[in-house]
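Here the structure is laid out as structure tokens; the discussion comes afterwards.
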Amino acid sequence: MKRIMITGALGQIGTELVLKCREIYGTENVLATDIREPEADSPIKEGPFEILDVTDIERMKEIVSEFKPDAMMHMAALLSATAEKNPQLAWNINMGGLVNALETAREYDLQFFTPSSIGAFGPTTPKKDTPALTIQRPTSMYGVNKVSGELLCEYYHTKFGVDTRSVRFPGLISYVKEPGGGTTDYAVEIYFEAVRKGEYTSFIDKGTYMDMMFMDDAIDAIIKLMEAPEDELKHRCAFNLSGMSFEPEEIAASIQKHIPDFKLSYDVDPVRQGIADSWPDAIDTSCSRDEWGFAPKYDLDKMTEAMLNGVREKEAAAQK
Ligand code: AKB
């Protein structure tokens, strides 16, 4: 059975990725690592876990030589809004962590996955039907990290033969673990606030379209891409992924089908709005569909139903 090590395992994607991989590959074959301990009731504690600061390459290699994984999924990173507040720290963690993880993958011959983002695009990128190969001149530190990361992964593939694979994630929406420090986080917060208060004040303005995807589709995509036969992949740059594109009024309308009195208002954050305005409205995912069968299952209304049910269950469990 394939053995996998995951960094940033307690983050928004990492949490669900660890659990899904343990379901598929067996609990003992999936090692979760993060810079902090999981909370007492975290399901991540049910399998192997190690503390790891990804900027510490010696510790990373020590863990790999003990656990002997076949693949590394490197998820540890600061998201766009946090990175913009502290660009030097973002460079150290996002780039320092990535180069350490790639070096470790090279030395121990590991298959390698790390996510890029729609943040790798910038204001001069075509806004609509954004192709996989296009202009990438991002204006945020997160974007600079993501473009550099994409290039570094391609370099490790062509220069050293590391089996690197990557996707450009849109905003990911989930009720299991709330995100922190992203520009697309409004599209998660809105569901939690709709259930808790029946209203939400958005930091992203009316009319701002961004790509989004339900977390189940994102996790399935990572596993599908990692399992795709190497000779079927024509592209080694990050693959575009998206399940849908919407603006705040459209997500509100979808929520109002279940909570008719739900109210949306705006208090726009100039930093996150600036980042959102520099990103595409809707990207083209045809490369991913053609090369390795990317097929998201959730559209906006199906996701809204899943999110509202998930948040309600979570809130009810918290009351007990
Ligand atoms: C963010 O908003 O920073 C992330 C992303 C799109 O990469 N969710």
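The table below lists the values:
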item: Segments 53-62, 109-118 sorted - mean Cβ within 10 Å per residue, highest first; result: 109-118, 53-62
item: 10 Å-binned pair-distance histogram of region 249-313 (Cα, whole percent); result: 16, 30, 37, 16, 1
item: Cβ crowding within 10 Å averaged over residues, with 155-167, 220-232 ranked highest first; result: 155-167, 220-232
item: Rotationally averaged projected area of region 35-76 (alpha carbon convex hull; nm²); result: 3.3
item: Sites VAL271 and ALA40, calculated FRET efficiency, Cβ-Cβ separation with R0 35 Å, nearest 0.05; result: 0.50
item: Candidate lysines - alpha carbon under 17 Å from LYS302, same-chain residues fewer than 8 apart omitted; result: LYS257
item: Heavy-atom accessible surface of region 110-155: percent carbon and sulfur, 1.4 Å; result: 62
item: Expected 222 nm ellipticity per residue - DSSP helices of 4 or more, -39500 (n - 2.57), all of the chain, to 500; result: -13000 deg cm²/dmol
item: Under the Karplus curve 6.51 cos²θ - 1.76 cosθ + 1.60, θ = phi - 60°, whole-Hz ³J(HN,Hα) for region 202-207, x wherever Gly or Pro sits; result: 8, 8, 10, 6, 3, x
item: Amide H contacts under 5 Å for THR201, placed H, 5+ residues apart; result: SER265
item: Kirkwood Rh and Cα Rg combined as Rg over Rh, evaluated for region 13-98; result: 0.98
item: Extension reserve of the GLU58-ALA253 stretch, reckoned as 0.36 nm per residue once the Cα distance is removed; result: 65.1 nm
item: Under-5 Å amide H pairs with ASP163, H placed in peptide plane, nonlocal only; result: PHE112
item: Candidate aspartates and glutamates - alpha carbon under 19 Å from LYS45, same-chain residues fewer than 8 apart omitted; result: GLU16, GLU23, GLU28, ASP34, GLU37, ASP53, GLU66, GLU178
item: FRET efficiency estimate (nearest 0.05) - Cβ-Cβ, THR139 to LYS159, R0 41 angstrom; result: 0.90
item: Listed residues PRO270, VAL167, PHE112: farthest to the positive end of the dipole of the chain (Cβ charges); result: PRO270
item: When the chain is reduced to its Cα atoms, the Kirkwood hydrodynamic radius in Å; result: 19.9
item: Positive-end residue, region 1-135 charge dipole about Cα centroid, Cβ charges, pick of THR134, GLY96, ALA40; result: THR134
item: Descending semi-axes in whole angstrom, ellipsoid equivalent of region 74-155, from the Cα gyration tensor; result: 23, 17, 9
item: Square roots of 5 times each gyration tensor eigenvalue, C-alpha, region 175-229, largest first, Å; result: 27, 14, 9
item: Rg in Å to one decimal, and Dmax rounded to a whole Å, for region 172-320 via C-alpha atoms; result: 16.5, 52
item: Of LEU31, LEU10, PHE49, farthest towards positive along the dipole that unit charges on Lys, Arg, Asp, Glu beta carbons give region 1-51; result: LEU31
item: ³J(HN,Hα), Karplus 6.51/-1.76/1.60, whole Hz, each residue of region 145-160, x for Gly, Pro; result: 4, 5, 5, 4, x, 4, 5, 5, 5, 5, 4, 5, 6, 6, 7, 10
item: In Å, descending, principal axis extents of the Cα set of region 131-241; result: 53, 31, 22
item: Inter-label distance, nm, simple model (7 Å from Cα along the C-beta direction), LYS68/ASP299; result: 4.9
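The values are calculated or read from the model by the stated rules, or taken from the named source; none is laboratory data. All values reported here derive from a predicted model rather than from experimental measurement. For neighbour counting, all protein chains shown are included, and Cβ atoms are generated from backbone atoms with ideal geometry for every residue, glycine included. Protein only, heavy atoms only, side chains kept; ligands, DNA and RNA dropped before computing areas. Shrake-Rupley method; radii C 1.70, N 1.55, O 1.52, S 1.80 Å.
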